[in-house]
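Quick notes on the structure that follows.
The values are calculated or read from the model by the stated rules, or taken from the named source; none is laboratory data. The structure presented is a predicted model; accordingly, all values stated were derived computationally and were not measured. Note that each Cβ is placed from the backbone with ideal geometry, even for glycine, and that neighbours are counted across all protein chains shown.
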Amino acid sequence: MTNILVTGGAGYIGSHACKALKAAGFTPVTYDNLVTGWEEAVKFGPFEKGDLLDRARLDEVFATYKPAAVMHFAALSQVGEAMRQPGQYWHNNVGGSLSLLEASVAAGCTKFVFSSTCATYGDQDNVVLDESAPQLPLNAYGASKRAIEDMLRDFEAAYGLKHVVFRYFNVAGADPEAEVGEFHRPETHLVPLVLDAIDGKRDALTVFGDDYATPDGTCIRDYVHVCDLVDAHVLGLNWLLRDGKPSRVFNLGTGSGFSVREVMDQAEQVTGKAVPHVIGARRAGDCTKLVSGSTRAEAELGWTPKRSDMATMIADAWAWHKKGHFDH
Ligand code: UDP
């Protein structure tokens with residue numbers, strides 16, 4: 001079996017990636033410091049607890065498993081926190097990725113799949129957000145991811161590190177078998193917060209601003225089902241490992257935008273319950289609209305999103321939510 005080192009494999013997207021990797025015949029080796037991840041989510045391969053900034057620990061794990069490639073998910077990823085504590089984002093995301101890249105090339109592992117973000121594009125009016133759009137991040141989260149993309153290019157030039165970069169739009173939904181799902185503490189993401197509010201697990205949802213220049217005044221995002229997203233990662237891995245293709249950047253979005261209000265409306269339809277909510281102030285660092293303007297992943301990787309319609313994403317997230325997640 002081919003080992004793949006999955007940093008952040010105990011997190012939301014990383015744990016779904018491990019499930020997809022196992023189904024595709026790989027052995028996912030999770031490397032996670034459990035600061036935001038959950039050991040209960042590591043179900044599909046070995047677990048090695050460790051921090052990206054701990055180079056000696058990383059060297060040990062590379063030596064033990066000799067992974068054929070790295071899938072790098074581990075990162076701090078909250079826009080609000082990034083505005084308040086930018087240093088943490090530069091330290092953990094950029095410093096941690098540097099340590100990982102150095103350990104990787106030192107171990108002779110030169111295939112890398114990286115989770116970047118549409119937050120690297122920032123707020124650009126009337127610009128089609130394809131992979132050639134300028135990267136003008138509004139917050140330290142996006143800036144840290146852009147810096148790691150730069151690092152990957154430099155490591156390719158120096159050490160031949162081949163990489164696939166995925167710039168995610170918004171990720172939602174959960175494994176339809178509900179073995180893993182979205183679970184953050186604190187939760188900051190829209191879909192789980194909407195479901196918590198519906199279920200009375202928290203007070204009303206605060207809508208962060210309804211005075212944006214959008215049809216209903218709330219921010220617009222492009223939501224992708226986590227299972228479709230991780231399927232793209234397996235395709236990206238095969239692009240590098242099996243096909244020996246060159247480094248490439250892919251947006252992962254559907255090209256359809258949903259406003260915060262539209263997400264709430266859809267959640268009401270799926271669950272049959274109202275979303276208690278209040279209108280609050282804008283959240284610093286938020287872009288008005290982020291919608292992918294590219295079909296490169298479909299055209300070149302053969303990616304076909306299967307569950308990324310809003311009703312399915314919310315239904316899957318709701319089924320996971322009802323199961324009680326890892327809250328025990
Ligand atoms: N949002 C909101 N209330 C919340 C959380 C999020 O109105 O409690 C909005 C947020 O302003 C953004 C969208 O929902 O427009 C998605 O936010 P999320 O944090 O889920 O993802 P992001 O777009 O920041 O990656």
Practice prompt. Could you tell me which residue of segment 74-119 is nearest to the chain's Cα centre (by Cα), considering only residues that are more than 23 Å from Val42 (Cα to Cα) and β-branched (Val, Ile, Thr)?
Written response: Thr117
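Table: residues versus (1) out of contact with any helix residue (DSSP H, G or I) (no Cβ under 9 Å at 6 or more places or on another chain); (2) within 16 Å of the ligand (Cβ to nearest atom); (3) among the hydroxyl-bearing types (Ser, Thr, Tyr); (4) not in a loop (DSSP other than H, G, I, E, B).
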| position | (1), (2), (3), (4) |
| --- | --- |
| Pro137 | no, yes, no, no |
| Glu149 | no, no, no, yes |
| Arg153 | yes, no, no, yes |
| Ala157 | yes, no, no, yes |
Item to complete: For segment 271-292, name all the residues that are surrounded by 20 or more Cβ atoms within 10 Å (Cβ to Cβ) and either without any contact (Cβ under 8 Å) to a residue 24 or more places away in the chain or outside any loop (DSSP other than H, G, I, E, B) (or both).
Response: Leu290, Ser292
Item to complete: Check segment 67-78 and report whether any residue there is surrounded by fewer than 21 Cβ atoms within 10 Å (Cβ to Cβ) and away from the ligand (no atom under 16 Å from the Cβ).
Response: yes
Worksheet item: For segment 198-245, which residues satisfy the criterion of being of a type in the set (Phe, Trp, Tyr) and under 30 Å from Asn3 (Cβ atoms)?
Response: Trp239
Practice prompt. Can you tell me which residue among Val224, Val234, Val165 is away from the ligand (no atom under 13 Å from the Cβ), in a strand (DSSP E or B) and touching a residue at least 40 places away in the same chain (Cβ under 8 Å)?
Written response: Val165
Response to the item:
Taking segment 1-49 and keeping residues at pLDDT 95 or above and among the polar types (S, T, N, Q) leaves Thr2, Asn3, Thr7, Ser15, Thr27, Thr30, Asn33
Worksheet item: In this structure, is Asp216 farther than 22 Å from Ser292 by Cα and either more than 9 Å from the ligand (Cβ to nearest atom) or not in a strand (DSSP E or B) (or both)?
Response: no
Item to complete: Would you please list the contacts, defined by Cβ atoms under 6 Å and residues six or more apart or on different chains, that run from a residue in segment 53-72 that is free of Cβ contacts under 8 Å to residues at least 12 places away in the same chain to a residue that is surrounded by 16 or more Cβ atoms within 10 Å (Cβ to Cβ) and not hydrophobic (A, V, I, L, M, F, W, C)?
Response: Arg57/Gly50
Worksheet item: Looking at this structure, is Gly255 more than 14 Å from the ligand (Cβ to nearest atom) and touching a residue at least 40 places away in the same chain (Cβ under 8 Å)?
Response: yes
Worksheet item: Taking the condition touching a Ser or Thr at 6+ places or on another chain (Cβ under 7 Å) and part of a helix (DSSP H, G or I), does Leu21 pass?
Response: no
Fill in: Residue selected from segment 195-213 under the condition within 12 Å of the ligand (Cβ to nearest atom), touching a Pro at 6+ places or on another chain (Cβ under 9 Å) and in a loop (DSSP other than H, G, I, E, B), by the criterion modelled with the lowest pLDDT
Asp203
Worksheet entry | Sole residue being of a type in the set (Asp, Glu), within 16 Å of the ligand (Cβ to nearest atom) and part of a helix (DSSP H, G or I), chosen from Glu81, Glu102, Glu40 | Glu81
Practice prompt. Hey, could you check segment 119-158 for residues that are hydroxyl-bearing (Ser, Thr, Tyr) and out of contact with any strand residue (DSSP E or B) (no Cβ under 8 Å at 6 or more places or on another chain) and say which is nearest to Val105 (Cα to Cα)?
Written response: Ser144
